[in-house]
Amino acid sequence: MAAVTRGPALSDALVRPALAEEIPGGTRVTVRLPVDIAAAQMAGHYPGFPILPGVLVIDWVDQTVRSAHGAALRLCGIDRARFCRPLFPGDELHLAVSVTREGAGRLAVRARGVCAQGRTAVELSATYEPVTARA
């Protein structure tokens, strides 16, 4: 496995290095994400009962994909997003993202996030395509 690095972001989820490995037809990227990095966003998401907003998990998947395949990608669509259990302050999300090539340069993304207790917290599938320069 090789460590993956990425440039600065507005909300950098990859506070720990992501690990990338080649799989048949693509890449698998894994990263451990401490939920507390989103403490500010959780504070307002159900006041008095903070949980990680699902949109941040989608953003973390996006950052993980771009860490391995470059920022010149466009998220075309989210085919499925299933949030199986809430993530609370103090939790850690173990995120595994598989990226495989499809036709016309598109990438199929399948992500599964597991909390420290080994229970599935999120499942997501999405499609990306390369950003093309406009003339």
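Count of the range 51-72 residues, restricted to those that are over 17 Å from residue 122 (Cβ atoms) and either out of contact with any Lys or Arg (no Cβ under 7 Å at 6 or more places or on another chain) or modelled with pLDDT of 95 or more (or both), is 5. The residues of the range 25-72 that are of a type in the set (Ser, Thr, Tyr) and either more than 24 Å from residue 104 (Cα to Cα) or assigned to a loop (DSSP other than H, G, I, E, B) (or both), listed by number, are 30, 46.
Could you tell me whether the range 38-45 includes any residue that is under 24 Å from residue 126 (Cα atoms), surrounded by fewer than 15 Cβ atoms within 10 Å (Cβ to Cβ) and not charged (D, E, K, R)? So far as the range 38-45 goes, no, none of its residues is under 24 Å from residue 126 (Cα atoms), surrounded by fewer than 15 Cβ atoms within 10 Å (Cβ to Cβ) and not charged (D, E, K, R).
Remark: pairs (first residue in the range 90-112, over 14 Å from residue 77 (Cα atoms); second residue open to solvent by 70 Å² or more (accessible area, probe 1.4 Å) and modelled with pLDDT under 95; Cβ separation under 8 Å; 6+ apart in sequence or on different chains) = 90/36; 91/116; 92/32; 92/116; 93/32; 94/32; 94/116; 95/32. Selection over the range 1-24 of residues that are farther than 14 Å from residue 65 by Cα, modelled with pLDDT under 90 and open to solvent by less than 70 Å² (accessible area, probe 1.4 Å) gives a count of 2.
Here the condition is being hydrophobic (A, V, I, L, M, F, W, C), at pLDDT 90 or above, in a strand (DSSP E or B) and open to solvent by 50 Å² or more (accessible area, probe 1.4 Å); of 95, 124, 75, it holds for 75 alone.
Could we say that residue 81 is small (Gly, Ala, Ser), open to solvent by 20 Å² or more (accessible area, probe 1.4 Å), within 19 Å of residue 127 (Cβ to Cβ) and in contact with a helix residue (DSSP H, G or I) (Cβ under 9 Å, 6 or more places away or on another chain) here?
yes
Looking across the range 38-79, the residues that are more than 24 Å from residue 19 (Cα to Cα) and under 16 Å from the mean Cα position of the chain (by Cα) come down to 53, 76, 77, 79.
The values are calculated or read from the model by the stated rules, or taken from the named source; none is laboratory data. Nothing here was measured: the structure is a model prediction, and the numbers come from that model. A quick note on method: Cβ atoms are made from the backbone with ideal geometry, for glycine too, and the neighbour counts reach across all protein chains shown. These area figures cover heavy atoms from the full protein model, side chains too; ligands, DNA and RNA do not enter into them. Shrake-Rupley method; radii C 1.70, N 1.55, O 1.52, S 1.80 Å.
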